[in-house]
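Heads up: the structure comes next, in structure tokens.
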Amino acid sequence: MSIQPNMVAEHFCQQFDGQPEWIVRAPGRVNLIGEHTDYNDGFVMPLAIDRAIWIALRPRADRRVAVHSIDYNERQEFSLEDLTDEKAGWIEYLKGTAWSLMDAGHQLTGFEGIVVGDVPLGAGLSSSAALEMATARAFAVAGDLPWDPAVMAKLGQRAENRWIGVNCGIMDQLISAAGQADHALLIDCRSLETQPVPFPEGVAIVVLDTSTRRGLVDSAYNERRSQCESAAEFFKVKALRDVELDLFSQVGHDLDDVTQSRALHVITENERTLQAAEAMRRGELAALGVLMNKSHESLRDDYEVSSDALNAMVEAALAHEACYGARMTGAGFGGCAVALVRLDAADDFATKTEAAYKEATGHDPAIYVCRATNGAEVVSAQ
Ligand code: ADP
Ligand code: MG
């Protein structure tokens, strides 16, 4: 069962005497389509999933933040007067978010609280962005700060980039802040404009964790980024988002083969993402599935960020008759795939895909049938 507000309040009562004043939650996410397009100023279409980080809190007057992590079974404290970076541990996400909010000029109120979550860690569902946005929501409600999801997402991203030291784009924090129940969000990563796109009835989003992780993701990621930058320079544009397929077809062959393939992925993926939003709005699930499959092929063959495990998972998913489409999701080399599946067959799909993947690879996968939920929100006030 997913985490419920009364369970969160109960945890608070056990750790601190009395009731929490507020309960907030911020979800993890999965990206339906639009991969490796964010740092090319392009389009992504993630959804906020029904797995989240929750904070129950009660403001305090002494500018201290005392938080008990239920999942780590550990209490940590810090003062808002004196933030120091200790380089490791879950509390750094709260500190980094506090730093980022204060650096942007917000006056923060301290609080005591508990944090608990069910976003699997390091699986590619962005538990870190969920924790940053839950923290931002907690400070916003405690200190009566204005809540603008896009502004807060940028401050969360800044915490992750500058305090944690992870070079992520804006997608994770923005979808965690601005997600909408039963919708994906088409995000223009240049303007940060978002458009909710409704899921048609009768469809499930299934996250398929390969249970494989690869260490070299960071260097491969940085390499892809610089290949994209040099392609953009070649086309004399700010980012690959500004290159149409026509222009690419006319002059792209002057690029070296590898850079050409990288650019081709980004340019076609941007088109697929916009087409996917259209297909979803029209309720054309088959068309949406085909676009997801093409996205996977492009990531596998042109961008070269898939892996044997991810390919095996996608193959296992597509073998089920209820699957409209499937693709790797996230940075790649391991982690998760995402599939679009007929809702009435989602459980059967999960069972059979798990068995087929295990048979093919010997790995034990984790499978999550998800719903699209709201972004960061105050769930209840006592
Ligand atoms: P992900 O891909 O899930 O974002 P990261 O390595 O970026 O993986 O972030 C995971 C980190 O976020 C954990 O190591 C922990 O510090 C923090 N975190 C995630 N979930 C929780 C939780 N439920 N409680 C406390 N900290 C959490
Ligand atoms: Mg993360």
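The values are calculated or read from the model by the stated rules, or taken from the named source; none is laboratory data. Quick caveat: nothing in here was measured; it's all calculated off a predicted structure. Remember, those area values only see protein heavy atoms, side chains included, never the ligands or the DNA or RNA. Shrake-Rupley method; radii C 1.70, N 1.55, O 1.52, S 1.80 Å.
Key figures
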quantity: Gain upon complete extension [Asn167, Ala366; 0.36 nm per residue less C-alpha separation]; calculated: 69.0 nm
quantity: Relative contact order %, segment 3-73, counting alpha carbon pairs below 8 Å whose residues are six or more apart; calculated: 34
quantity: Crossing angle, helix 257-281 versus the chain [Cα axis fit, 0-90 degrees, rounded to tens]; calculated: 70
quantity: Relative contact order of the chain, defined on C-alpha pairs under 8 angstrom at six or more residues apart (%); calculated: 24
quantity: Cα centroid separation, segment 323-365 to segment 292-312 (Å); calculated: 14
quantity: Karplus 3J(HN,Hα) series, Hz, for segment 127-133 with 6.51 cos²θ - 1.76 cosθ + 1.60 (x for Gly, Pro); calculated: 4, 5, 5, 4, 5, 5, 6
quantity: Protein accessible area in segment 253-364, 1.4 Å probe - carbon and sulfur %; calculated: 47
quantity: Shape of the chain, Cα gyration tensor, a/c cut at 1.5; calculated: prolate
quantity: Cα-derived Rg over Rh, computed across segment 27-181 with Rh taken as Kirkwood radius; calculated: 0.95
quantity: Distance violations [Cα-Cα > 32 Å] among Lys87/Lys154; Lys154/Lys358; Lys95/Lys358; Lys87/Lys358; calculated: Lys154/Lys358; Lys95/Lys358; Lys87/Lys358
quantity: Heavy-atom surface of segment 166-262, accessible at 1.4 Å and reported per residue (Å²); calculated: 48
quantity: For segment 297-306, 3J(HN,Hα) per residue [Karplus equation, 6.51 cos²θ - 1.76 cosθ + 1.60, θ = phi - 60°, Hz, x = Gly/Pro]; calculated: 4, 5, 5, 6, 9, 9, 8, 6, 10, 7
quantity: Helix-only [θ]222 nm of the chain, DSSP H runs n ≥ 4, -39500 (n - 2.57) each, per residue, nearest 500; calculated: -13000 deg cm²/dmol
